[in-house]
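Engineer: If you scroll down you'll find the structure; I have some questions about it.
The values are calculated or read from the model by the stated rules, or taken from the named source; none is laboratory data. Nothing here was measured: the structure is a model prediction, and the numbers come from that model. Here the Cβ positions follow ideal geometry from the backbone for every residue, glycine too, while neighbour counts run over all protein chains shown. Just so you know, the surface numbers come from the protein's heavy atoms only, side chains and all, with ligands and any DNA or RNA stripped out. Shrake-Rupley method; radii C 1.70, N 1.55, O 1.52, S 1.80 Å.
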Amino acid sequence: MQLTVKAFALLKERLGTGQVVVELKEGATLGDLIRTLASKYGRDLENILLTDDGALADEVVVSLNDTKVDNADAPLKEGSIIFFIPPLSGGGV
């Protein structure tokens, strides 16, 4: 199945682009997607997006088809759009 991944800030830098299309097997989960991205774009992606026990990191907001997701076991389907939004930082007031 084909999925679209959109990333911002630090994650966009790691991917080298703000959007990638990924091909995964039917029945894949969000965790499978993250591990696939990490194998292609660097293991540090997995370290940013997942905790040591495989849960989604609290610091990154993940949206699956316009719904916030808190579980790496969330199932994906053909045409899913996944947003990875890392924490933002900015200047002082």
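Engineer: How far, in nm, would the chain grow between Asn71 and Phe8 when pulled straight, counting 0.36 nm per residue and subtracting the alpha carbon separation? Write out the running numbers ahead of the final one.
Structural biologist: Numbers: separation 63, 0.36 × 63 = 22.68 nm, distance 1.99 nm.
This chain segment gains 20.7 nm when fully extended.
Engineer: How large is the helix-only mean residue ellipticity at 222 nm for the chain, computed as the sum of -39500 (n - 2.57) over DSSP H runs with n ≥ 4, divided by its residue count, in deg cm²/dmol to the nearest 500? Please list the in-between numbers first.
Structural biologist: Details: 3 runs with 26 residues, N = 93.
Helix contribution divided over all residues of the chain: -8000 deg cm²/dmol.
Engineer: Does anyone have the angle between helix 30-41 and the longest principal axis of the chain? Alpha-carbon axes, 0 to 90°, nearest 10?
Structural biologist: 70
Engineer: Another one. I'd like the carbon and sulfur percentage of the solvent accessible area for the chain, probe radius 1.4 Å, heavy atoms only, ligands and nucleic acids excluded. The partial results should precede the final answer.
Structural biologist: On the way: 2760 of 5580 Å².
With neighbouring chains kept in place, the figure for the chain is 49 percent.
Engineer: Report the convex hull volume per residue for the chain, counting only C-alpha atoms, in Å³.
Structural biologist: Working: hull volume 9.5 nm³, N = 93.
Spelled out: Cα convex hull of the chain, divided by residues, is 102 Å³.
Engineer: Considering only protein heavy atoms, what per residue accessible area in square angstrom results for the chain with a 1.4 angstrom probe? If you can, show how the numbers build up before the last one.
Structural biologist: Details: 5580 Å² over 93 residues.
Result: 60 Å² per residue.
Engineer: What longest region of the chain stays clear of GluC sites (Glu not before Pro) that DSSP places outside H, G, I, E and B and that have at most 12 other Cβ atoms within 10 Å? Mind showing how you got there, number by number?
Structural biologist: Working: sites that count: Glu26, Glu59, Glu78.
After excluding every exposed loop site, the longest remaining stretch is 27-58.
Engineer: Give me the distance in nm between label points sitting 7 Å out from Cα along the Cα-to-Cβ direction at Ile85 and Leu24, one decimal.
Structural biologist: Using points 7 Å along Cα→Cβ, the separation is 2.0 nm.
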